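In what follows, a structure is listed as C-alpha cells, so that the remarks can point back to it.
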Amino acid sequence: MDRRDFLINSGSAGAALSAAGSAFAAKAASKPGRVVGANDKINVGIVGVGGRGNYVANVFAKLGEQTGKCQITQVCDVYQKRVTAAAAKFKAKGTLDWREVVNNPELDAIIVATPDHWHAKVALAAMDNGKDVYVEKPMCHTVEEVKQLMDTVKETKRVLQVGSQTTSGNQWHQAKKYIADGAIGKMLLSQGSYHRNSVEGEWNWPIDKAAGPDGKGDDFIDWKMWLGSATKRPFDADRFFRFRKYWDYSGGIATDLFFHVVAPMNICWTKPQYPTRVMAGGGIYEFKDREVPDTFNLLADYAEGHSLVLSSSMANSQHIPGLIRGHEGTIIMVEHGRFEGFSPFLTLKPEASGRGGSRKPIGGDKYKFGTEDVKIPVQDLNTMDTHVGNFLDCMVSRNKPTLDVETAAHAQVLITMAVQSYRQGKVLYFDEQKFKIVDKNPKA
C-alpha cells in the first residue's frame, strides 16, 4: 500500500505512521524532482480550477508573463466545463484525472485548489513524484494528515507553501520583532475575528443546473472521483458547488476563515505553537441550509501561558481589532479587524498605571518604548503576488517558504480541534508527543 492509498484507506493512519516511515522515505527518494535553476521556466500543473483555483492560476500565469519564471502547462478538474475553459485560457493540457497531473514528469510544481478533503491526498502524491506544492488553505482535513504532510516534506525535501496569502503581509513579521524585543512583556492573550455578510460570503455560489454525473460533454462531473474518501451518496449539486457548507468536505468557518487569522498569529508569536486545550461554540442561527455553523467562536490555551480568542459570523460584517495583549503592552496588528485587509501601521500601546492623568509604565522607569502609543509603519504589499513569488523563489533556493508546513501545522491543528470540539460538544486537548487529539489533559 503506498502513501496515498494508505491515507485514504487506513482508519488508524496515525498509529502506523512510524512503522511505515522508512518505506515511504525510500519510495520518495526514488523519485527526486528536477533541480530548478534560476533561469529555468517552472512548469506548473493545477488540480481544481473552480473559482479559487482559477484565481490562483491567473496569479501564477501573470507572474510567469512578467518574470518568465513559470507557466501553467496542465489543468485538472472533475467538471469538464472547467477543464475546457482553463485549458483554453492557459493554452494547457486538460484532464479530469488528477493522477495524470501528479505523475506528469514534465511538471515541476502542483497547485492544489480542490475541496479540503482532497488537499492532503493530492499534495502527498505530488511530493512523492518529485513535485513542489502550493496547496490552498486549509492545509488539510485531519490531524493525521497534518503529521503525514510534515513527514513527507522532510522525507522528500520538497517545498510546500500553504496558500494563505495573508501571511505574506508585512505587519505580522513586524509584530514578531517587537514582541521578541520585549515591547509587550509577557504575552497573555491574542484575539481576532473574521466576519462577513454577503451571498457569496455565505458560500452560496451559483449552481450550474445542467451539470452532473449524467451530463454530456462539458456538463459532465465525475462525482465518484470528487467524493473520494468522503461518504458515498447520490449526486447533490449543492454539495458539489457549495461544498464549504458540509462537514465531509470542509470545516466551515474554522477552516475557511480562521486559518487566515491563526496562521498570521503563529508568525507574530515568538515561535509557532500547538494549543494544549481548545473549546468551541456557536450554531446555525440564521442560515438553515447547511451542516456547519454560521456563527462560530473558539478559545484556545497554550503551554507558554497565553490564550487565543476568535469569533466569526457569516451574517454580520463587524470585526473586532486583531491584537496581542501582554502585561506591559498591547500590539494591534489590524485596527479594523480585517486580517486580509491592509493596515498602514501597527500600534503599540504600553500598559501604564496611575490616576489623574499620570502614566507610570508597568515595565519600570527604564521601559524602552516609553509611555505613549507608538505607530509602526507597515509596508503595503500585494500579498497574493508576494506569496506566490515567494514560493517560486523557494523552488530555486530550496529555502522554507513564508507559510511552510511546520508553521501551517500549528494553525491546522488548532482549527481541526475547534471543529471537533464544536461537533462533539466538549473541551479537547492536544497530546503533542503522540500528535493526537485527546479528551483529557495528557499532562494532568
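The values are calculated or read from the model by the stated rules, or taken from the named source; none is laboratory data. Every value quoted in this text rests on a predicted model; they were computed, and no experiment measured them. Please note: Cβ atoms are built from the backbone with ideal geometry, for glycine as well, and neighbour counts cover all protein chains shown.
Here residue 417 does not qualify as closer than 30 Å to residue 35 by Cβ, modelled with pLDDT of 95 or more and either in a helix (DSSP H, G or I) or out of contact with any Gly (no Cβ under 8 Å at 6 or more places or on another chain) (or both).
Within the range 429-439, the set of residues being under 17 Å from residue 416 (Cα atoms) and of a type outside the set (Phe, Trp, Tyr) comprises 431, 432, 434, 436, 437, 438, 439.
Checking 123, 57, 38 one by one, the residue that is surrounded by fewer than 19 Cβ atoms within 10 Å (Cβ to Cβ) and in contact (Cβ under 8 Å) with a residue 12 or more places away in the chain is 38 and no other. Of the residues that sit in the range 286-325 and are surrounded by fewer than 18 Cβ atoms within 10 Å (Cβ to Cβ) and of a type in the set (D, E, K, R), which one is nearest to residue 441 (Cα to Cα)? For the range 286-325, the residue satisfying everything is 301.
Name the residues in the range 75-91 that are surrounded by fewer than 23 Cβ atoms within 10 Å (Cβ to Cβ) and without any contact (Cβ under 8 Å) to a residue 40 or more places away in the chain, would you? Answer for the range 75-91, where residues must be surrounded by fewer than 23 Cβ atoms within 10 Å (Cβ to Cβ) and without any contact (Cβ under 8 Å) to a residue 40 or more places away in the chain: 83, 85, 87, 88, 89, 91. Applying the set (1) closer than 25 Å to residue 313 by Cα; (2) modelled with pLDDT under 95 to residue 271 leaves exactly one unmet item: (1). How many residues are surrounded by fewer than 19 Cβ atoms within 10 Å (Cβ to Cβ) and among the hydrophobic types (A, V, I, L, M, F, W, C) when one looks only at the range 184-202? The qualifying residues number 3.
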